Amino acid sequence: MNLEYYVEHCRSCDSYLSEVARKEGVCSDCGSEFSVTQRKYAIENPDVYLSIMQKMDGETCTVLEAADGLVDGEILEVYGVFAVTDCGIECLNHFYAIGSSDLGDPDWVRHMSEKTWVVPTDFEKALERARAVHGFS
Ligand SMILES: [Zn+2]
């Protein structure tokens with residue numbers, strides 16, 4: 001993926017995005033929305049944001065493509081579909097987030113392993129890392 005091209009264009013209609021559109025996060029041609037912050041984080045940390053991950057349908061994409069419009073926090077590390085962010089843990093294929101203040105709950109692993117879309121080992125690694133990042137021992 002060409003990061004420079006990606007951040008300058010609408011991912012829906014491929015129109016070139018003006019400076020204003022890039023600041024507002026809305027394409028002026030088709031009206032589709034994108035994440036200004038995720039694109040900014042990607043430029044600051046391309047190693048993480050351009051890494052390749054597997055989507056639900058088995059296809060692959062970059063972390064940026066998955067996070068654009070879905071994730072709020074700055075992604076620090078990725079384990080499967082789980083992103084450790086400065087907000088806690090966010091999911092790269094569902095609107096699903098665990099806020100940093102909730103990371104200490106001892107039930108997360110059991111709770112998440114009941115979900116059909118969760119790979120438990122990925123979640124456990126993400127949780128361990130997120131707890132370390134956010135000051136839980
Ligand atoms: Zn567009």
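The values are calculated or read from the model by the stated rules, or taken from the named source; none is laboratory data. Note that the structure is predicted; figures quoted are calculated from it, not measured. Cβ coordinates were reconstructed from backbone atoms using ideal geometry, including for glycine residues, and neighbour counts include every protein chain displayed.
Identification of strands (runs of 3 or more DSSP E) wholly contained in the range 31-94 with 2 or more residues that are more than 16 Å from the ligand (Cβ to nearest atom), aliphatic (A, V, I, L, M) and more than 21 Å from Ser113 (Cβ to Cβ) yields 75-79. Of everything in the range 1-10 that is surrounded by 13 or more Cβ atoms within 10 Å (Cβ to Cβ) and modelled with pLDDT of 95 or more, the residue that is nearest to the ligand (Cβ to nearest atom) is Cys10.
Of everything in the range 18-28, what is under 20 Å from Tyr41 (Cβ atoms) and either near the ligand (Cβ under 8 Å from one of its atoms) or not in a loop (DSSP other than H, G, I, E, B) (or both)? Give them in sequence order.
Across the range 18-28, the qualifying residues are Glu19, Ala21, Arg22, Lys23, Glu24, Val26, Cys27.
Quick grid of which residues meet (1) exposed (fewer than 15 other Cβ atoms within 10 Å of the Cβ); (2) touching a residue at least 12 places away in the same chain (Cβ under 8 Å); (3) at positive phi; (4) out of contact with any strand residue (DSSP E or B) (no Cβ under 7 Å at 6 or more places or on another chain):
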site	(1), (2), (3), (4)
Ser35	no, yes, no, yes
Ile43	yes, yes, no, yes
Met56	yes, yes, no, yes
Ala97	no, yes, no, no
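Pairing residues of the range 12-31 that are polar (S, T, N, Q) with residues that are more than 9 Å from the ligand (Cβ to nearest atom), at Cβ distances under 8 Å and at least 6 apart in sequence or on separate chains, gives Ser28/Ser18; Ser28/Val20.
Considering only residues that are of a type in the set (S, T, N, Q) and at pLDDT 95 or above, look in the range 44-59 and name the one that is nearest to Gly73 (Cα to Cα). Result: Asn45. Tyr96 meets all of the listed conditions (1) farther than 15 Å from Ala126 by Cα; (2) modelled with pLDDT under 95 but one, namely (1).
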